[in-house]
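Reviewing the structure listed below.
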Amino acid sequence: MKLALQLNVIDPKIGGVMIMGDRGTGKSTTIRAIADLLPEIEIVKDDPFNSHPTNVELMSTEVFTKYKNNENLETELIKIPMVDLPLGATEDRVCGTIDIEKALTEGVKAFEPGLLARANRGILYVDEVNLLDDHLVDILLDSAASGWNTVEREGISIRHPARFVLVGSGNPEEGELRPQLLDRFGMHAEIRTVKDPSLRVKIVEERTSFDLNPQDWIEKYQDEQNLLTKKIIQAQKLLPSVTISYELRVKISEICSILDVDGLRGDIVTNRAAKAFAALNERTEVTQDDICQIITLCLRHRLRKDPLETIDSGDKVKQVVSEVFEIEE
């Protein structure tokens with residue numbers, strides 16, 4: 001789970017993470033903690049879309065117009081936005097609304113930004129994503145894939161950047177996501193309850209120590225946290241120069257083919273995740289081992305469901321990977 005989150009932060013184009021697991025296993029806690037690892041970002045001051053001061057792809061229309069006219073853009077540094085999407089959210093709250101009255105009376109496009117605008121250049125977290133309305137999940141996935149949100153109301157159209165890492169979590173007992181929605185998430189992590197008693201005791205002790213004095217607990221792990229932040233920043237810089245050989249790309253596609261994965265998303269995501277993993281380990285060339293480490297996360301949720309299948313989908317992926325790469329068990 002932590003690896004999947006880190007890789008998505010290094011390369012948001014991987015397409016987000018779906019985390020399914022038992023109740024009370026720290027899914028939400030881990031996801032909310034990732035925001036503290038990330039460096040601050042520079043945005044145009046008082047802009048509701050967290051527009052980038054120089055990157056045109058990450059600018060709202062208003063900021064882009066000012067930028068084109070060489071106007072001076074005042075900037076500020078903010079923490080990477082972490083936006084929670086509540087289960088009861090309406091489509092207007094997610095996408096934003098157009099104030100029709102103001103548009104008609106004053107002749108201006110009065111747009112009230114939604115959660116997608118706030119999440120631009122940040123993380124959008126949906127807890128219990130399997131209980132969210134399917135059409136809302138569709139909207140989120142479309143925006144995450146295209147990087148833009150378009151609102152069409154009463155003949156008025158507004159478009160703004162919505163580049164974010166989409167993270168969903170849920171409990172499989174409460175129902176699964178539709179396969180075509182599941183396929184749109186880049187990676188899928190499964191969390192199970194820890195069975196080792198000594199490890200369970202350690203988790204309980206850490207939690208108690210945090211409750212007694214949160215500040216001391218945070219300071220105790222601050223150095224480790226800072227190291228990880230540095231590692232992620234370095235990996236983001238290194239990512240554009242990471243390469244993957246043709247032979248390994250063929251092997252990835254061979255694995256997807258044997259597993260009968262529909263479409264090509266599995267191949268694309270595995271290639272991107274392998275590069276991000278190599279960058280995280282400060283290398284510019286992807287190795288076979290990199291692929292073995294991340295491929296289960298990328299393909300587990302893309303396999304066709306067979307009710308008579310006794311083997312877990314993750315184990316099935318590992319089995320095929322061992323065969324293709326000729327790894328001795």
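Coordinate-derived values only; no laboratory data. This one's a predicted model, so the numbers in the text were calculated from it and none came from an experiment. Cβ coordinates were reconstructed from backbone atoms using ideal geometry, including for glycine residues, and neighbour counts include every protein chain displayed.
When the chain is treated as a GNM, springs tying every alpha-carbon pair under 10 Å, which of LYS45, LYS275, LYS27 comes out with the largest mean-square fluctuation? Taking springs between Cα atoms under 10 Å, the residue moving most is LYS45. Placing a label point 7 Å from the Cα of GLU101 along the Cα-to-Cβ direction, the residues of region 137-160 whose backbone N falls under 18 Å from that point are 154. Relative to the current alpha-carbon distance between THR150 and ASN281, full extension at 0.36 nm per residue lengthens the span by 43.4 nm. Span-like helices, the chain: DSSP H, alpha-carbon axial extent 15 Å or more, mean Kyte-Doolittle -0.5 or greater, which ones? Helices passing the filter in the chain: 27-37, 134-146, 197-212, 246-258, 265-280, 288-299, 313-324. Go ahead and collect, in residue order, the members of region 150-178 whose backbone nitrogen is under 14 Å from a label point 7 Å along the Cα-Cβ direction of THR193. The answer is 172-173.
Run down the aspartates and glutamates and flag those whose C-alpha is under 14 Å from the C-alpha of LYS68, throwing out any fewer than 8 positions away in its chain. Within the straight-line limit of under 14 Å, LYS68 reaches these aspartates and glutamates: GLU57.
Packing, as the average of other Cβ atoms within 10 Å across residues, places the peptides 200-206, 263-269, 164-170, 2-8 in the order 164-170, 2-8, 263-269, 200-206, highest first. Summarising the strand pairing of region 82-195, around 50 percent of its internal DSSP beta bridges are antiparallel. Pairs of Cα atoms nearer than 8 Å and 6+ residues apart set the relative contact order; for the chain it is 21 percent. Please tell me which of these pairs span more than 18 angstrom C-alpha to C-alpha: LYS2/LYS230; LYS45/LYS237; LYS13/LYS275; LYS2/LYS27? Those over the limit are LYS45/LYS237. In region 239-323, Cα pairs under 8 Å separated by at least six residues give a relative contact order of 35 percent.
Note on the chain: GNM, Cα springs under 10 Å; of THR30, THR208, THR61, the largest mean-square fluctuation is that of THR208. Taken about its Cα centre, the chain carries a charge dipole of roughly 500 debye when the Cβ of each Lys and Arg holds +1 and the Cβ of each Asp and Glu holds -1.
Only the Cβ atoms of Lys and Arg (+1) and of Asp and Glu (-1) were treated as charged; on that basis the dipole of region 239-323 about its Cα centre amounts to roughly 280 debye.
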